1. Go through the range 140-184 and report how many residues are in contact with a Pro (Cβ under 7 Å, 6 or more places away or on another chain) and not in a strand (DSSP E or B).
2. Just give me the residues in the range 383-397 being open to solvent by less than 10 Å² (accessible area, probe 1.4 Å), within 10 Å of ligand 1 (Cβ to nearest atom) and either modelled with pLDDT under 95 or not acidic (Asp, Glu) (or both), in sequence order.
3. Considering only residues of the range 458-490 that are in contact with a helix residue (DSSP H, G or I) (Cβ under 9 Å, 6 or more places away or on another chain) and part of a loop (DSSP other than H, G, I, E, B), which is nearest to residue 551 (Cα to Cα)?
4. Please determine whether any residue of the range 167-179 is open to solvent by 70 Å² or more (accessible area, probe 1.4 Å) and aliphatic (A, V, I, L, M).
5. Would you call residue 430 touching a strand residue (DSSP E or B) at 6+ places or on another chain (Cβ under 8 Å), more than 16 Å from residue 314 (Cβ to Cβ) and touching a residue at least 40 places away in the same chain (Cβ under 8 Å)?
6. Considering only residues of the range 96-137 that are open to solvent by 10 Å² or more (accessible area, probe 1.4 Å) and farther than 15 Å from residue 294 by Cβ, which is farthest from ligand 2 (Cβ to nearest atom)?
7. Looking at 320, 254, 309, 298 in this structure, which one is within 16 Å of ligand 2 (Cβ to nearest atom) and closer than 24 Å to residue 348 by Cα?
8. Kindly evaluate residue 149 against the criterion of being of a type in the set (Asp, Glu), closer than 30 Å to residue 433 by Cα and surrounded by fewer than 23 Cβ atoms within 10 Å (Cβ to Cβ).
Amino acid sequence: MDDSPLQVLSVPTAPYPDQRPGTSGLRKKVYVFQSNRDYLQNFVQSVLSSIDLRDRQGSTIVVGGDGRYFNRVAIEVIVQMAAANGVGRLLIGQNGIMSTPAVSCMIRKMKAIGGIILTASHNPGGPNGDFGIKFNISNGGPAPEAITDKIFQLSRTIEEYAICPDLRVDLATLGKQTFDLENKFRPFTVEIVDPVESYANMLRNIFDFAALKEMLSGHNHIRIRLDAMHGVMGPYLRRILCEELGCPANSLINCVPLEDFGGQHPDPNLTYAAELVQSMQSGQYNFGAAFDGDGDRNMILGKHGFFVNPSDSVAVIAANIFCIPYFQHTGVRGFARSMPTSAALDNVAKATKIQLYETPTGWKFFGKLMDAGKLSLCGEESFGTGSDHIREKDGLWAVLAWLSILATRQQSVEEIMTEHWQTYGRNFFTRFDYEEVDILAAVEMMEDLEIMMSDKAFTGQIFSEGEKMYKVERADNFEYSDPVDGSISRHQGLRIVFSDGSRIIFRLSGTGSSGATIRLYVDSYENDAGKIFQDPQVMLAPLVNLALKMSMLQERTGRSAPTVIT
Ligand code: G6P
Ligand code: ZN
């Protein structure tokens, strides 16, 4: 091997206009990255340039991805560019694989300046699927808007990027690789790390593994079924659930990470995790869960496929929080949920006199509250649940939280959920997703709705739907003022609140890669013991109909039914 220092090149380039990071990083169809010259390089340079040179020089950055198509190619380029941009060390998951929560954990543990995560989360993968890049900051969480805005601005004016084109990294072998560069920043180190180890150590300190092991593989063990949906979670589940907690191998399905997730959406909901739902219906398993591509989302099911709505899931964990040893040590500082998430968590917060925060959609808002010591547990309707142990939502953490509750209470998922409703009342919730609709139609619908809502006469207006009457109490485009730094985030979703507390919310998804996804969220509270067991779809039908009429969603989009119902 030639051991002369590696060349550092400055390559001229021209900006692309469309590199604005969305809710969770830059997401595009794979072909956008593949067929536009230097598309990836431009964005990576913008990310690296957003870090002040003094901070960047000699710093450590964590890199990992969910293993989707283009993951490896992207990591190879990131290594070449990080070296050329003065980064001192990269910590990379073996074969470029690391779940989003594990990256967050690693950033914090190694005091890295940040992390680059290659994932489009729950979006499909493969040559015709999506790819994404997300930048996390030193707290381990997604970069806040000020930083993503800066990245976007840099991407619009970029003229050149720095790269070491001859640097070849071995992503398969654990351990250190050192490279000499011809510039002043040498040497540059890459450390290939086990993607599971640090994360597993962290979980061991949060939960009572002995109690979980007893429940999962002891005398009277329960049977569980976990679906990795061919995403990144396979290796984590094998190591933690099977090797460590003793679950039999057939507890796991779809645990081989595939570049195209087997052609499916790696999205843990009732539509896309159909295989799990079906196998749960047989009644053989007491507990089921599915994860998304990068392992931060989760769906919880009980026996016979009993569905736990994510808005309820975080409320149940809140109400049983001391079943998790971690919180016995840290205490509980606060709860939070995103605005479209149902208010089930609010009821627990009220009863326990713990502060509740309502934030816009997106995990980054929670991170700030956690850094300020204001928040311990949070969740979103979009199948995200987590705590201040890291700064990302954490699918496996949520599963172990539920299993800890099961172990302590010695009850089934359904019993725990129904007792919860009996105690706190039930927030019926549903979300309708209309995926890949025409962008113009979606934007116009939102604009017209907002005009209608801002009419003074709208507040106080009464709508009748079947036998029900709904009086508008408040209507706005949700705005959030951050209690930590006072920053204001506007236009976070159209919200119509009725006098009985029911809500209709319209939002455009920030995580799609083509077309627009309209999300319609509807929720309504009920504490009449005779009514809490109704089917949410029946219970919420009048509000859904009202929402469809108000927005003329079906006429405008040409869709007679949503793509996904939660
Ligand atoms: C990502 C973020 C979540 C957020 C979700 C919203 O998963 O990490 O915090 O809730 O996106 O997605 P949407 O498609 O509704 O913008
Ligand atoms: Zn995800």
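The values are calculated or read from the model by the stated rules, or taken from the named source; none is laboratory data. The model shown is predicted, which means the values in this text are computed figures rather than measured ones. Every residue, glycine as well, gets a Cβ built from its backbone with ideal geometry; the counts of neighbours run over all protein chains shown. Remember, those area values only see protein heavy atoms, side chains included, never the ligands or the DNA or RNA. Shrake-Rupley method; radii C 1.70, N 1.55, O 1.52, S 1.80 Å.
1. The initial filter retains those residues of the range 140-184 that are in contact with a Pro (Cβ under 7 Å, 6 or more places away or on another chain), namely 148, 151-152, 155-160, 178-182.
This time we only want the ones that are not in a strand (DSSP E or B), so: 148, 151-152, 155-159, 180, 182.
Adding up the residues that qualify gives 10.
2. Applying the first criterion (open to solvent by less than 10 Å² (accessible area, probe 1.4 Å)) to the range 383-397 yields 383-387, 390, 392, 394-397.
From what's left, within 10 Å of ligand 1 (Cβ to nearest atom): 383-384, 386, 392.
Those that are open to solvent by less than 10 Å² (accessible area, probe 1.4 Å), within 10 Å of ligand 1 (Cβ to nearest atom) and either modelled with pLDDT under 95 or not acidic (Asp, Glu) (or both): 383, 384, 386.
3. Across the range 458-490, the extreme among qualifying residues is 459.
4. Within the range 167-179 (the criterion being open to solvent by 70 Å² or more (accessible area, probe 1.4 Å) and aliphatic (A, V, I, L, M)), the answer is yes, since at least one residue qualifies.
5. Details: touching a strand residue (DSSP E or B) at 6+ places or on another chain (Cβ under 8 Å): yes; more than 16 Å from residue 314 (Cβ to Cβ): yes; touching a residue at least 40 places away in the same chain (Cβ under 8 Å): yes.
So residue 430 passes the test.
6. It comes out as 111.
7. Working: 320 fails: within 16 Å of ligand 2 (Cβ to nearest atom); 254 fails: closer than 24 Å to residue 348 by Cα; 309 fails: within 16 Å of ligand 2 (Cβ to nearest atom).
Matching residue, one of 320, 254, 309, 298: 298.
8. The answer is yes for residue 149.
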